[in-house]
Amino acid sequence: MKKFLYILILTLLLASCKEKQRGTDTTIIESNTVDNNTNSSVVYVGKGPDALFLTPDKSFLYVANVEDTLISVIDTQTDKVLKNIEGIRYPWGFAQLAESNLLAASGYDKQVVIIDSDNHTILKEKLFETHIGGITANKKGDLIYVIAIDDNKVFQLDATTLNILKTFSTGKGPDGIGISGNDSRLFVTNTEDGSISVIDIATGQQSILKTGGKPELIHSNKDHSLLYISNFFGNRIHIIDTKNGEIVKEIENIKTPEEAVLSEDGNLLYVVSFDLSEVYVYDAFTLEKKLISYETGNKPIGLMPVGNKLYVSNYGDNSISIINK
């Protein structure tokens, strides 16, 4: 009975944070690829696939299954699940540590782990007293920043020990996190406040960008001079200049956007619509919408461009769409 009550409480907590249900059944569908049409296929993963991470050599795609206790590892050559990394307590997000083969992953159920992407194993883990959300790291890879959801804070962690070095206050309902190109500022989406916190890492001082709606996920360009932030209920993408800490442009009239991710060459911006199950394509400089769009599975969230393919995580049907551009 105690276990049942704990699972129920955990499910309700996550639903309030991400508008998505969480379960605890770790059964997964065996990986196989099924043709949808001539331009796409699908591979099945764990429950509630969400954030995606591409290993530095682009050989493997990691899938955070937020309703599960595993990360699925997809071989990008065969487009099949190579293995599952077990023991992740509802994986949420990823951050590469500098140019190394190491990455940090956050688990909603109060966990941060360090993973070796060469052999897909957990090297270190640490538990905290708060649920953990978005995650990022500095350029050097010696500092990790994670969202402490229950505390409305960001933890600065030593990447070697995972010990807390500093804490920073945020708004209510913190979710996504990004870092500036010079590692001087953090940007945190506050889902309950309809705002973005801009935090000076040296002083801890915080300023607020009021956006309304529900700002959520954060992605950057290569040098982190720009951040692309989805506003789920605001139906728009905010583009922030990290040097000035200001919203400089917006893309409007996108229904329930999730991830907004640049193409590998930086010329295109791909935006996922959760409700419409589509990926839209924009010119990254003019922000003009292209005529082409791509259909996905049910309730898409994450996106990763790799060569001539787009990988999209479909939260609603536990799959990854593989779209040939």
Apart from one, (1) surrounded by 16 or more Cβ atoms within 10 Å (Cβ to Cβ); (2) assigned to a strand (DSSP E or B) all hold for THR167; the odd one out is (1)
Selection from region 170-192 of residues that are assigned to a strand (DSSP E or B) and open to solvent by less than 40 Å² (accessible area, probe 1.4 Å) = PRO174, ASP175, GLY176, ILE177, GLY178, ILE179, LEU186, PHE187, VAL188, THR189, ASN190
Scope region 215-226; condition touching a Phe, Trp or Tyr at 6+ places or on another chain (Cβ under 6 Å) and within 15 Å of PRO174 (Cβ to Cβ); matching residues | GLU216
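Applying the selection to region 271-325, what residues are of a type in the set (Ser, Thr, Tyr), surrounded by 16 or more Cβ atoms within 10 Å (Cβ to Cβ) and not in a loop (DSSP other than H, G, I, E, B)?
Within region 271-325, SER273, TYR280, TYR282, TYR294, TYR311, SER313, SER319, SER321 qualify.
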Cβ-Cβ under 6 Å pairs, at least 6 apart or on other chains, region 189-212 side more than 16 Å from ALA148 (Cα to Cα) and of a type in the set (D, E, K, R), far side open to solvent by less than 60 Å² (accessible area, probe 1.4 Å) and in a strand (DSSP E or B) | LYS210/SER195
Can GLY133 be described as part of a loop (DSSP other than H, G, I, E, B), open to solvent by less than 20 Å² (accessible area, probe 1.4 Å) and among the small types (Gly, Ala, Ser)?
-> no
Hey, any hits in region 80-88 for a residue that's small (Gly, Ala, Ser), out of contact with any helix residue (DSSP H, G or I) (no Cβ under 9 Å at 6 or more places or on another chain) and open to solvent by less than 10 Å² (accessible area, probe 1.4 Å)?
-> no
Within region 251-270, how many residues turn out to be outside any loop (DSSP other than H, G, I, E, B) and surrounded by fewer than 16 Cβ atoms within 10 Å (Cβ to Cβ)?
-> 1
Considering region 202-222 alone, what residues qualify as being of a type in the set (D, E, K, R), more than 21 Å from ALA284 (Cβ to Cβ) and open to solvent by 30 Å² or more (accessible area, probe 1.4 Å)?
-> LYS210
Run down LYS58, LYS126 and say which single residue is out of contact with any helix residue (DSSP H, G or I) (no Cβ under 7 Å at 6 or more places or on another chain), open to solvent by 30 Å² or more (accessible area, probe 1.4 Å), of a type outside the set (S, T, N, Q) and in a strand (DSSP E or B).
-> LYS126
Of a type outside the set (Asp, Glu), more than 30 Å from GLU278 (Cβ to Cβ) and surrounded by fewer than 23 Cβ atoms within 10 Å (Cβ to Cβ): does that describe SER225?
-> no
Residues that are modelled with pLDDT of 95 or more, open to solvent by less than 20 Å² (accessible area, probe 1.4 Å) and assigned to a loop (DSSP other than H, G, I, E, B), drawn from region 17-55 | VAL45, GLY46, GLY48, THR55
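The values are calculated or read from the model by the stated rules, or taken from the named source; none is laboratory data. Note that the coordinates shown come from a computational prediction; the quantities given were computed from them, not determined experimentally. Glycine gets a Cβ as well: all are built from the backbone with ideal geometry, and neighbour counts include every protein chain shown. The area values use the complete protein model at the heavy-atom level, side chains included, leaving out ligands, DNA and RNA. Shrake-Rupley method; radii C 1.70, N 1.55, O 1.52, S 1.80 Å.
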